[in-house]
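Have a look at the structure below, then the notes.
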Amino acid sequence: MKERLAKFSIGEVVRHKVFPFRGVIFDVDPEFANTEEWWNSIPAEVRPSKDQPFYHLLAENDESEYVAYVSEQNLVNDESGTPLRNPQIYQIFDQAPSGQFKPKMSFAH
């Protein structure tokens with residue numbers, strides 16, 4: 001099994017290619033690491049491959065804030081510059097003047 005390098009990193013703001021949500025990455029799995037039940041809940045025609053990085057996002061859409069688990073193939077950089085509302089983001093990250101999120105030291109590994 002070859003190790004894949006993650007395209008995105010912790011603190012990056014990304015959006016989903018298909019569904020209308022965006023968020024900040026707070027963790028990365030080198031390959032799928034969720035339950036089979038979760039996996040099987042994805043419609044087969046859009047179910048991503050398991051052998052790619054998966055990202056944990058502090059996500060939000062127009063209605064709510066939540067945690068999402070998304071395959072690399074379904075994410076793109078969010079270039080909107082629109083501020084994020086999810087209050088958990090500011091518990092985990094500090095925001096640099098550039099807009100980039102950096103993990104707070106208390107959350108560093």
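The values are calculated or read from the model by the stated rules, or taken from the named source; none is laboratory data. Worth saying up front: this structure is predicted, and the values here are computed from it rather than measured. So basically every Cβ, Gly included, is an ideal-geometry build from the backbone, and we count neighbours across all protein chains shown. The accessibility values were calculated without ligands, DNA or RNA, using every heavy atom of the protein model including side chains. Shrake-Rupley method; radii C 1.70, N 1.55, O 1.52, S 1.80 Å.
Output the residues belonging to the stretch 1-12 that are loosely packed, with under 14 Cβ neighbours inside 10 Å, among the charged types (D, E, K, R) and in contact (Cβ under 8 Å) with a residue 40 or more places away in the chain.
Once the filter is applied, which keeps residues that are loosely packed, with under 14 Cβ neighbours inside 10 Å, among the charged types (D, E, K, R) and in contact (Cβ under 8 Å) with a residue 40 or more places away in the chain, the stretch 1-12 yields only Arg4.
Please name all residue pairs, on different chains or six or more residues apart, with Cβ atoms under 9 Å, provided the first residue is in the stretch 25-41 and is touching a residue at least 40 places away in the same chain (Cβ under 8 Å) and the second residue is of a type outside the set (Lys, Arg) and in a helix (DSSP H, G or I).
Phe26/Ile89; Phe26/Ile92; Phe26/Phe107
Asp94: in contact (Cβ under 8 Å) with a residue 12 or more places away in the chain and either among the charged types (D, E, K, R) or out of contact with any strand residue (DSSP E or B) (no Cβ under 7 Å at 6 or more places or on another chain) (or both), yes or no?
No; evaluated as a whole, the condition is false for this residue.
Please go through the stretch 13-31 and give me each residue that is assigned to a loop (DSSP other than H, G, I, E, B) and crowded, with 18+ Cβ neighbours inside 10 Å, ordered by number.
Residue satisfying the conditions is Phe21 alone.
If you check Phe54, Phe101, which single one turns out to be modelled with pLDDT of 95 or more and open to solvent by less than 50 Å² (accessible area, probe 1.4 Å)?
The conditions single out Phe54.
Given the structure, is Glu72 of a type outside the set (Lys, Arg) and buried (at least 16 other Cβ atoms within 10 Å of the Cβ)?
yes
Do you know which of the residues in the stretch 32-51 that are touching a helix residue (DSSP H, G or I) at 6+ places or on another chain (Cβ under 9 Å) and in a loop (DSSP other than H, G, I, E, B) is least open to solvent (accessible area, probe 1.4 Å)?
Across the stretch 32-51, the extreme among qualifying residues is Pro48.
For the subset of the stretch 76-95 comprising residues that are touching a Lys or Arg at 6+ places or on another chain (Cβ under 7 Å) and open to solvent by less than 30 Å² (accessible area, probe 1.4 Å), which member is farthest from Tyr55 (Cα to Cα)?
Among them, the one singled out is Phe93.
Do you know which residues across the stretch 12-24 are over 12 Å from Leu84 (Cβ atoms) and not charged (D, E, K, R)?
His16, Val18, Phe19, Pro20
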